[in-house]
Amino acid sequence: MKFNLEFALSILPELLQGAILTLAATLGGMALALVGGLILSVLQQARLWPVRFLANGYIAVVRSTPLLIQLFFLFYILPEFGVTAPAFWTGVLGLGLHYSAYTAEVYRAGLENVPRGQWEAATALHLSIRDTWTKVVMPQAIPPMVPMLGNYLIAMFKDTPILATITVIELFGAANQVAGITYRYFEPYTLVGLIFLALSIPSVLLINRADRRFSLVR
Amino acid sequence: MNNNSPNPTPAAIFRDVQKSFGENKVLKGLDLTIADGEKVAIIGPSGSGKTTVLRLLMGLEKLSGGHIEVFGKDYVAGAKASRDVADRIGMVFQHFNLFPHMTVLRNITEAPVRVRGVKPAEAKKRAMNLLDQVGLSEKADFYPRQLSGGQQQRVAIARALAMQPDIMLFDEPTSALDPELVGDVLKVMRDLAESSNMTMLFVTHEMTFARHVADRVIFMDQGIVVESGHPDELFQAPHEQRTRNFLRSVLDPMGWAEGPKDAVLPVAPVDAIGPSIAPFIQDAVNERNRAAN
Amino acid sequence: MNFLPPLIQGLYNSLLVTLGASAVALALSFVAGLALITPWRVLRVPARIYVEIFRGTSALVQIFYFFYVLPLIGIELTPMTAGIMALGMCFSAYGAEVVRSSIQAVDKGQWEASHALSFSWGMAVRRVIIPQALRRMLPPFGNLLVELLKATSLVSLIGITELAFTGSSLVRSTGENVLVYLLVMAVYFAAAYPLSLLVRHFERRMTKAW
Ligand SMILES: Nc1ncnc2c1ncn2[C@@H]1O[C@H](COP(=O)(O)OP(=O)(O)O)[C@@H](O)[C@H]1O
Ligand SMILES: [Mg+2]
């Protein structure tokens, strides 16, 4: 069987439409994960041990179970609570909740990256808490987080095809649809792979550059 | 290996050697001839290209221009044709570079056994002999991390010697050591220099060592050989102003010495290195001195 | 109705897929990872392309590609082989980077000392570099193993009756969706969490230098 270029071109618009949904889901999921991870990492530092336990437990459970099952779970449990969001939003929520457990660790690692001596020096200089955070700690903690968060962004991007299993017609879902109707698998799946490469390789290069830039700072 | 009559072919010749790292011209037409069996100390300010000279000879860097000859053969780092002369060169590094996952003994026997095909039992016997020479026979089964820096460096010397090189390169072998550990390493090197007819190149900041162990001292600055001569001459009557300035900055870093600023300062006397710690070598040296008198 | 026995049977199959895929991944990680650091371009370039293709696309897409597209070009694979090969190759791309970066993290002085002792490249890699790099590789390989175990859930979509598949068919036959998926998660957790604890334990021990 040969790759039929004409057929490939004819299904390309449909796939690209799916790709737009893929990108939207990735960005939405990442926005949720950035906030969710922040909340989790604050809860991890809470005074009350039950709060810490819940935050740590959430992270452990989410990181030890497959995203696929988590999505199925959300897909079935949300309606039980009377939430009837479109599948796309369920998917975004799933991605966000899943990756919050990873970004939380990034925030923690970023803060631990700032040596204790920096806090002590800020105290010795009588800086206010606010200045200590905004002028001393965050400028050192955030740059090394950028490439780590970027890597999770790409990982999330590559996880979006799983949304097809809860009926979201993103890139992979669109390819499945085409394949289901035409019984041609070669072109749609190859195109999906190529579109993924076209988007992820430049992102990886960008992150590598950020990584080199920011690690020079230290 | 040649035992008495020194080979008339020089051990190494550098002809108009150039080396750049990107835009940075590190060696700018260096000429240097090292006689067979000669002990040469290379001194000079940091960044002057001393390490680069040794690394070129060891084949750890590629030439940017000029030629190097080793034992009369054109020498090109990494080339198959240069393999056999490259095998005759050994090196001791500033940071020892012992293999951390091998015992002291395996560090020394690994290359002779794997590369030269020496029988393990024979390699072990020779290794124990070498450890004895560097005063560490009781450390054979230790791992490098269990030794002090000075002991690690002496193991590294024994490891290089186990390959029986004809040229040994030492790149600031004592500058990563705590001051109290420097002496033992210097003594081992001095004993070695006095008892063997290996060609030896020392890059060092130990002026006392250079003054009393080397046959010739080379002063390098900014990628060229500025001055080269017998240690007595170079230390007591340097011709070049740059040499004088350098020696002054090393011998009197605080500028406390009295007298005119371009006067020649004395290098510490020979016993500053102290008596030998390797009786095995010392005996050989005494023997030779007696024969000479 | 007791859901656990079929789910345990499903877990068993998940573990089989994990085992097969990790064997494939481990072997290919070393092949590609070593190729990435050889001095020879003819090996480096193909290895880099291989790694970027498998890292740059999605595991699920790769599984579908192996299952639906390869037969079209004459490579017939059973679902099991397709799943194991796809996951194995996908994870070998990440593994290759682990091998490469662990080797490159070994002090440059070790290469130079090997060279000064006349070791060949292969001998230096085998005797000097890899033994030191292995310690560094263990924790990231452990993390990849946990990720792989979770990723085996994707092969349910090409009809392999592992844990996720068993869960979905129980849901279909009983309608108990929330309970069943909770149980499925619990079983995955029971398998993956101890593994990640083990990895963290090793991580702490391994970061100590020689
Ligand atoms: N691998 C390298 N890459 C770039 N520059 C280098 C490298 N090695 C040495 N240099 C540069 O070459 C110059 C001479 O270095 P070196 O030979 O180590 O001097 P020395 O040993 O006399 O201190 C220095 O300016 C150093 O920065
Ligand atoms: Mg140097």
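The values are calculated or read from the model by the stated rules, or taken from the named source; none is laboratory data. Nothing here was measured: the structure is a model prediction, and the numbers come from that model. With ideal geometry, Cβ positions are generated from the backbone for all residues, glycine too; neighbour counts draw on all protein chains shown. Heads up: the accessible areas ignore ligands, DNA and RNA and are worked out on the full protein's heavy atoms, side chains in. Shrake-Rupley method; radii C 1.70, N 1.55, O 1.52, S 1.80 Å.
Data for the structure
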{"quantity": "Out of B:R106, B:R83, sole residue that is basic (K, R), in the same structural domain as B:I68 (by the TED database) and within 25 Å of C:V125 (Cα to Cα)", "calculated": "B:R83"}
{"quantity": "Of all residues making up region B:152-182, the number that are part of a helix (DSSP H, G or I), over 15 Å from the mean Cα position of the chain (by Cα) and surrounded by fewer than 22 Cβ atoms within 10 Å (Cβ to Cβ)", "calculated": "3"}
{"quantity": "Test: residue in region B:39-57 that is open to solvent by less than 40 Å² (accessible area, probe 1.4 Å), more than 16 Å from ligand 2 (Cβ to nearest atom) and either modelled with pLDDT under 95 or out of contact with any helix residue (DSSP H, G or I) (no Cβ under 7 Å at 6 or more places or on another chain) (or both)", "calculated": "no"}
{"quantity": "Residues within region C:138-157 that are away from chain A (no Cβ under 13 Å) and crowded, with 22+ Cβ neighbours inside 10 Å, tallied", "calculated": "1"}
{"quantity": "Identity of the residue in region B:38-89, of a type in the set (D, E, K, R) and within 15 Å of ligand 1 (Cβ to nearest atom), that ends up nearest to the other protein chains (Cβ to nearest Cβ)", "calculated": "B:R55"}
{"quantity": "Criterion violated by C:M80 - all others in (1) under 27 Å from C:L34 (Cα atoms); (2) touching a residue at least 24 places away in the same chain (Cβ under 8 Å) satisfied", "calculated": "(1)"}
{"quantity": "Members of region C:169-186 that are open to solvent by 30 Å² or more (accessible area, probe 1.4 Å) and either on the phi > 0 side of the Ramachandran plot or β-branched (V, I, T) (or both)", "calculated": "C:T174, C:G175, C:V178"}
{"quantity": "Flag for B:L186 being open to solvent by 10 Å² or more (accessible area, probe 1.4 Å), away from ligand 1 (no atom under 14 Å from the Cβ) and within 13 Å of the chain's Cα centre (by Cα)", "calculated": "yes"}
{"quantity": "A:V146 touching a residue at least 40 places away in the same chain (Cβ under 8 Å), more than 14 Å from chain C (Cβ to nearest Cβ) and assigned to a helix (DSSP H, G or I)", "calculated": "yes"}
{"quantity": "A:Y107 open to solvent by 30 Å² or more (accessible area, probe 1.4 Å), more than 15 Å from the chain's Cα centre (by Cα) and hydroxyl-bearing (S, T, Y)", "calculated": "no"}
{"quantity": "Residue in region C:105-118 that is at pLDDT 95 or above and within 16 Å of C:G142 (Cα to Cα) present", "calculated": "no"}
{"quantity": "Residues of region A:79-104 satisfying the condition of being open to solvent by 30 Å² or more (accessible area, probe 1.4 Å) and under 22 Å from the mean Cα position of the chain (by Cα)", "calculated": "A:A85, A:P86, A:F88, A:W89, A:L93, A:L97"}
{"quantity": "The one condition in (1) touching a residue at least 60 places away in the same chain (Cβ under 8 Å); (2) part of a helix (DSSP H, G or I) that C:T161 fails to fulfil", "calculated": "(2)"}
{"quantity": "Residues located in region B:96-128, provided they are on the phi > 0 side of the Ramachandran plot and under 24 Å from the mean Cα position of the chain (by Cα)", "calculated": "B:F96, B:N97"}
{"quantity": "Per-region count, region B:58-70, residues open to solvent by 30 Å² or more (accessible area, probe 1.4 Å) and either hydrophobic (A, V, I, L, M, F, W, C) or away from ligand 2 (no atom under 16 Å from the Cβ) (or both)", "calculated": "7"}
{"quantity": "Scope region C:55-77; condition surrounded by 16 or more Cβ atoms within 10 Å (Cβ to Cβ) and either touching a residue at least 40 places away in the same chain (Cβ under 8 Å) or not in a helix (DSSP H, G or I) (or both); matching residues", "calculated": "C:R55, C:T57, C:S58, C:A59, C:L60, C:I63, C:F64, C:F67, C:L77"}
{"quantity": "Selection within region B:63-92 - in contact (Cβ under 8 Å) with a residue 40 or more places away in the chain and of a type in the set (K, R)", "calculated": "B:R88"}
{"quantity": "Residues that are more than 7 Å from chain C (Cβ to nearest Cβ) and either of a type in the set (A, V, I, L, M, F, W, C) or not in a helix (DSSP H, G or I) (or both), drawn from region A:156-172", "calculated": "A:M156, A:F157, A:L163, A:A164, A:I166, A:T167, A:V168, A:I169, A:E170, A:L171"}
{"quantity": "Which numbered condition B:A121 fails, given (1) surrounded by 21 or more Cβ atoms within 10 Å (Cβ to Cβ); (2) more than 16 Å from ligand 1 (Cβ to nearest atom)", "calculated": "(1)"}
{"quantity": "Unmet criterion (only one of (1) within 19 Å of C:L157 (Cβ to Cβ); (2) of a type in the set (V, I, T); (3) open to solvent by 10 Å² or more (accessible area, probe 1.4 Å)) for C:V24", "calculated": "(1)"}
{"quantity": "Qualifying positions in region B:200-217 - over 16 Å from B:Q236 (Cβ atoms) and either within 16 Å of ligand 1 (Cβ to nearest atom) or within 14 Å of chain C (Cβ to nearest Cβ) (or both)", "calculated": "B:L201, B:F202, B:V203, B:T204, B:H205, B:E206"}
{"quantity": "Residue within region B:20-32 that is exposed (fewer than 14 other Cβ atoms within 10 Å of the Cβ), away from ligand 1 (no atom under 16 Å from the Cβ) and not assigned by the TED database to the domain that holds B:G135 present", "calculated": "yes"}
{"quantity": "Lone unmet requirement of (1) aromatic (F, W, Y); (2) within 8 Å of chain C (Cβ to nearest Cβ); (3) open to solvent by 60 Å² or more (accessible area, probe 1.4 Å) for A:W133", "calculated": "(2)"}
{"quantity": "Condition broken by B:D141, with the remaining ones in (1) of a type in the set (D, E); (2) buried (at least 18 other Cβ atoms within 10 Å of the Cβ); (3) touching a helix residue (DSSP H, G or I) at 6+ places or on another chain (Cβ under 8 Å) satisfied", "calculated": "(2)"}
{"quantity": "Meets criteria (open to solvent by less than 70 Å² (accessible area, probe 1.4 Å), farther than 30 Å from C:Y68 by Cα and modelled with pLDDT of 95 or more) for A:L34", "calculated": "yes"}
{"quantity": "Pick from region B:206-227, criterion open to solvent by 50 Å² or more (accessible area, probe 1.4 Å) and under 22 Å from B:G49 (Cβ atoms), ranking: farthest from the chain's Cα centre (by Cα)", "calculated": "B:Q222"}
{"quantity": "Positions within region B:7-24 being more than 14 Å from B:E61 (Cα to Cα) and more than 16 Å from ligand 2 (Cβ to nearest atom), in sequence order", "calculated": "B:N7, B:P8, B:T9, B:P10, B:A11, B:A12, B:I13, B:F14, B:R15, B:D16, B:E23"}
{"quantity": "Selection within region C:112-125 - facing another protein chain (nearest Cβ under 9 Å), assigned to a helix (DSSP H, G or I) and not hydroxyl-bearing (S, T, Y)", "calculated": "C:E112, C:A113, C:H115, C:A116, C:M123"}
{"quantity": "Selected residue (criterion: surrounded by the fewest Cβ atoms within 10 Å (Cβ to Cβ)) from residues of region C:158-168 that are within 11 Å of chain A (Cβ to nearest Cβ) and under 24 Å from C:L26 (Cα atoms)", "calculated": "C:E162"}
